[in-house]
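Step one of this worksheet: look at the structure below.
The values are calculated or read from the model by the stated rules, or taken from the named source; none is laboratory data. Note that this is a predicted model, so its numbers are computed, not measured. Glycine also receives a Cβ, built like all others from the backbone with ideal geometry; neighbour counts cover every protein chain displayed.
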Amino acid sequence: MKSGFVKSSPHFFRLIRRAFWLLLASLLLLAAFMPAPLQIAADPAVTPNPVKSAWFLLWIQELVSWSRFMIWPVLLLCGVSFLLPWLPGQVREHQARWFPASAAAVPAATGATRPPTGKTLPTSS
């Protein structure tokens, strides 16, 4: 066995597969017997008050409702999160690489054989 790899057992994957099917069956049963809490159909002539944004933006909307300057800490947090891979203190040999040098030929080969945009490859019938 190669060093740096962890041995796995087929028993573990059987357990994962059983858990997946059990979760899927329970979700389907819940979906069948518990209706979704939907509202009435949207009326474009009437805007609800207060207007609510999508679920993934609700926290930003709440922050901005307190003060318009509360967007700056959010942007700062996003910037710091973006710069995390380049911050000092990381050991180079433990970092993962998205595109290793040994796999550089694969994108070049697939890009060279891809037809131009809007064109399709001829098919044999």
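A few remarks follow.
- Residue list for the stretch 1-15, restricted to those being surrounded by 10 or more Cβ atoms within 10 Å (Cβ to Cβ) and not basic (Lys, Arg): Phe13, Leu15
- Candidates Val80, Val64, Val46, filtered to the one that is among the hydrophobic types (A, V, I, L, M, F, W, C), in contact with a helix residue (DSSP H, G or I) (Cβ under 8 Å, 6 or more places away or on another chain) and at pLDDT 75 or above: Val64
- Being in a loop (DSSP other than H, G, I, E, B) and at pLDDT 85 or above is not true of Ala41.
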